[in-house]
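I have placed the structure first, in the form of structure tokens, so that the comments after it can refer back to it.
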Amino acid sequence: MNAVEIKPDVYWVGGIDWNLRNFHGYITPRGSTYNSYLILDKKVTLIDTVKHYLFDEMKARISSVIDPKKIDVVVSNHVEMDHSGSLPKLLDIASDATLVTSTRGERGLKQHYDNNWKFKVVDAGDNISIGKRTLDFIPIPMVHWPDSMVTYSKKDSILFPNDAFGQHIASTERFDDQLEWGILREEAAKYYANIVLPFGGQVQKALSEVSKLKFDTIAPSHGIIWRSHLKDIIPLYDKWSKNETKPYAVIVYDTMWGSTEKLAFALASSLESEGINVRLHHVQSSPFSEIITDILEAKLIAIGSPTLNNNMLPSIGGFLTYLKGLKPLHRIGFVFGSYGWGGQAVKQVGDILKEMKWEFPEDHVNINFVPTEKDLLLVENKGKKLAKKVKLNEK
Ligand code: FEO
């Protein structure tokens with residue numbers, strides 16, 4: 001377990017979580033990393049730590065270049081425990097170290113851990129000298145928590161933005177030019193969709209702040225380090241945070257006896273015939289985190305549910321709870337479903353989606369029992385009209 005030098009005297013000393021498959025509900029088929037960075041300067045500085053169970057790995061990597069007791073400064077960019085979980089053990093060893101964090105960071109760390117740590121609170125415009133280097137701090141509240149901040153080393157031309165620009169990828173490759181761009185884009189998009197999507201306005205502010213800085217490397221707290229694809233990933237963050245979409249559709253549905261599924265396939269077929277690409281998800285076959293990744297850039301989102309005991313199916317209810325929390329904006333919505341009697345599900349789904357302030361150019365479709373040819377034609381016609389609307393919106 002060695003440190004990886006990413007620039008002269010700046011080392012990656014993180015932990016690789018090879019077997020992580022679920023990050024608080026976000027399915028992570030490629031695992032993840034928690035990235036800590038060690039800077040060897042007059043004051044030896046560590047930026048962020050790792051999840052508690054990877055402390056020994058981080059310690060071994062630090063020890064490959066310096067005795068951890070010699071750490072003088074620890075920067076905590078973000079309180080969440082995947083980055084702060086090893087602080088207690090680390091600060092037992094580096095017991096004289098100063099812990100640099102934001103105001104909310106100090107409050108959060110005191111609430112998470114019983115400690116008498118030596119805090120230094122920093123705010124916008126503050127910096128500290130660690131020898132040849134000055135570290136600047138830029139608050140980026142809500143990217144990902146209110147306490148979040150970026151650390152910037154001008155001398156190294158590195159931005160340490162913690163969760164921002166992260167991806168859940170476990171690998172021994174450390175840089176973006178060592179893995180395929182397709183994998184990086186997919187995992188960066190999935191990360192954005194599942195973690196950062198509700199905070200588009202705050203991301204815009206953060207991008208505006210960091211655009212004033214000169215850097216050639218972005219060293220996030222998860223996944224690989226960006227040094228070759230900055231020109232790709234920064235514009236993507238700009239687009240995603242503005243909720244810019246592409247002209248394709250996502251259909252999410254559940255079904256009891258196949259009726260709502262027939263409607264879903266009729267809609268998909270109609271959209272496809274009009275040249276609109278479709279991603280179709282049976283909500284019990286796809287993890288929510290995969291569906292939301294498809295939704296990230298989709299213009300049209302259609303949701304289908306049958307009625308069960310006067311309600312939408314619980315699986316659709318769970319998905320809508322997840323979707324509502326992540327708040328994709330500026331979309332076209334469409335709702336469909338089937339019922340035996342009652343038929344409340346479609347209105348319930350529609351009411352939840354209305355809270356998202358999407359556009360609904362077509363009325364809901366609610367079919368009694370099994371759809372007839374006429375019912376399927378109705379859905380297909382709506383699909384054609386929705387396709388036109390999607391194309392119109394993209395011009
Ligand atoms: Fe990677 Fe918000 O923690």
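The values are calculated or read from the model by the stated rules, or taken from the named source; none is laboratory data. Nothing here was measured: the structure is a model prediction, and the numbers come from that model. Don't worry about glycine lacking a Cβ; one is built from the backbone with ideal geometry, like all the others, and counts go over all protein chains shown. What goes into the accessible areas is simple: the full protein's heavy atoms, side chains included, and nothing from ligands, DNA or RNA. Shrake-Rupley method; radii C 1.70, N 1.55, O 1.52, S 1.80 Å.
Key figures
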{"item": "Leading residue by the ranking (nearest to Leu38 (Cα to Cα)) among those in segment 198-241 that are in a helix (DSSP H, G or I), touching a Ser or Thr at 6+ places or on another chain (Cβ under 9 Å) and within 16 Å of the ligand (Cβ to nearest atom)", "result": "Ala206"}
{"item": "Residues located in segment 247-258, provided they are open to solvent by 10 Å² or more (accessible area, probe 1.4 Å) and either of a type in the set (S, T, N, Q) or closer than 18 Å to Leu323 by Cβ (or both)", "result": "Tyr248, Thr255"}
{"item": "Among (1) surrounded by 14 or more Cβ atoms within 10 Å (Cβ to Cβ); (2) on the phi < 0 side of the Ramachandran plot; (3) of a type outside the set (Phe, Trp, Tyr) - the single one Lys327 does not satisfy", "result": "(2)"}
{"item": "Filter result for Gly350 (in a loop (DSSP other than H, G, I, E, B) and either farther than 20 Å from Leu392 by Cβ or modelled with pLDDT under 95 (or both))", "result": "no"}
{"item": "Meets criteria (outside any strand (DSSP E or B) and either touching a Ser or Thr at 6+ places or on another chain (Cβ under 9 Å) or at negative phi (or both)) for Ile6", "result": "no"}
{"item": "Residues of segment 32-43 that turn out to be open to solvent by less than 20 Å² (accessible area, probe 1.4 Å), in contact (Cβ under 8 Å) with a residue 40 or more places away in the chain and more than 14 Å from the ligand (Cβ to nearest atom), as a count", "result": "2"}
{"item": "Selection status of Asp147, within 16 Å of the ligand (Cβ to nearest atom) and either surrounded by 21 or more Cβ atoms within 10 Å (Cβ to Cβ) or within 30 Å of Ser289 (Cα to Cα) (or both)", "result": "yes"}
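One line per residue, one yes/no per condition, for (1) in contact with a helix residue (DSSP H, G or I) (Cβ under 9 Å, 6 or more places away or on another chain); (2) assigned to a strand (DSSP E or B); (3) at pLDDT below 95; (4) open to solvent by 10 Å² or more (accessible area, probe 1.4 Å):
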{"residue": "Leu267", "(1), (2), (3), (4)": "yes, no, no, no"}
{"residue": "His281", "(1), (2), (3), (4)": "yes, yes, no, yes"}
{"residue": "Gln284", "(1), (2), (3), (4)": "yes, no, no, yes"}
{"residue": "Ser289", "(1), (2), (3), (4)": "yes, no, no, no"}
{"residue": "Ile303", "(1), (2), (3), (4)": "yes, yes, no, no"}
